[in-house]
Amino acid sequence: MPTEATAAAALALGVGVALALVVDLGGPRGGDGQAATTAPSTAQAGTLAERMEAKIAAGAPGVALALEEKAPLEEKKGADVAAAHAHAQFELGDAPGALQTVKMALRICDVTGGCAPYQRAALERLDVVIGAVVQAGVVDPKKDPKAVDQALHGLMPGAGFVHE
């Protein structure tokens with residue numbers, strides 16, 4: 001199995017952050033089988049989006065959303081925070097909500113012109129990936145990893161995804 005994990009990691013790096021949110025469908029779980037909502041993070045500094053992504057990577061997407069909720073309004077603004085919010089929603093099993101967050105952030109980028117090209121590109125990648133998952137009828141990606149695999153296969157023929 002190490003080669004599958006290595007291949008999945010290389011694929012995630014090659015395609016970008018949007019794919020990374022769906023590659024590890026077997027992330028940390030609590031005793032009840034639900035995604036963990038608390039976990040220590042090694043990242044104590046950085047932007048709100050970076051802190052949120054660190055919590056998500058540590059298996060605590062619920063904590064990431066709590067960080068956002070408690071942050072000052074000025075810190076919550078921006079496409080990076082919206083992308084991290086969508087990533088957390090996706091990890092918590094709400095693919096349609098994540099897609100709605102991404103679409104709203106893209107609309108805000110269009111209206112305000114306040115997104116850097118890399119931010120818009122990241123949101124567009126999330127829109128394509130999460131959109132494909134939602135279009136396949138998947139609500140909770142962790143409950144139906146095979147459907148996620150099939151949905152994403154059309155985006156990258158020949159790619160395989162690791163799930164437990």
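Bear in mind that the values in this text are calculations on the coordinates, not laboratory data. None of the values given here were measured: they were computed from a predicted structure. Don't worry about glycine lacking a Cβ; one is built from the backbone with ideal geometry, like all the others, and counts go over all protein chains shown.
Here the helices (runs of 4 or more DSSP H) wholly within the stretch 57-164 that include at least 3 residues being farther than 18 Å from Thr47 by Cα and under 14 Å from the mean Cα position of the chain (by Cα) are 79-91, 95-112, 117-135.
Every residue, every condition in (1) within 23 Å of Glu50 (Cβ to Cβ); (2) polar (S, T, N, Q); (3) buried (at least 23 other Cβ atoms within 10 Å of the Cβ); (4) touching a residue at least 40 places away in the same chain (Cβ under 8 Å), yes or no:
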position	(1), (2), (3), (4)
Ala71	yes, no, no, no
Lys77	yes, no, no, no
Val81	yes, no, no, no
Ala86	yes, no, yes, yes
Leu92	yes, no, no, yes
Cys109	yes, no, no, no
Thr112	yes, yes, no, no
Val134	no, no, no, no
Val148	no, no, yes, yes
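Just to be sure, is Ala98 surrounded by 15 or more Cβ atoms within 10 Å (Cβ to Cβ), touching a Phe, Trp or Tyr at 6+ places or on another chain (Cβ under 7 Å), under 17 Å from Ile56 (Cβ atoms) and of a type outside the set (Ser, Thr, Tyr)? Break it down stepwise before answering.
Values: surrounded by 15 or more Cβ atoms within 10 Å (Cβ to Cβ): yes; touching a Phe, Trp or Tyr at 6+ places or on another chain (Cβ under 7 Å): yes; under 17 Å from Ile56 (Cβ atoms): yes; of a type outside the set (Ser, Thr, Tyr): yes.
Criteria met by Ala98.
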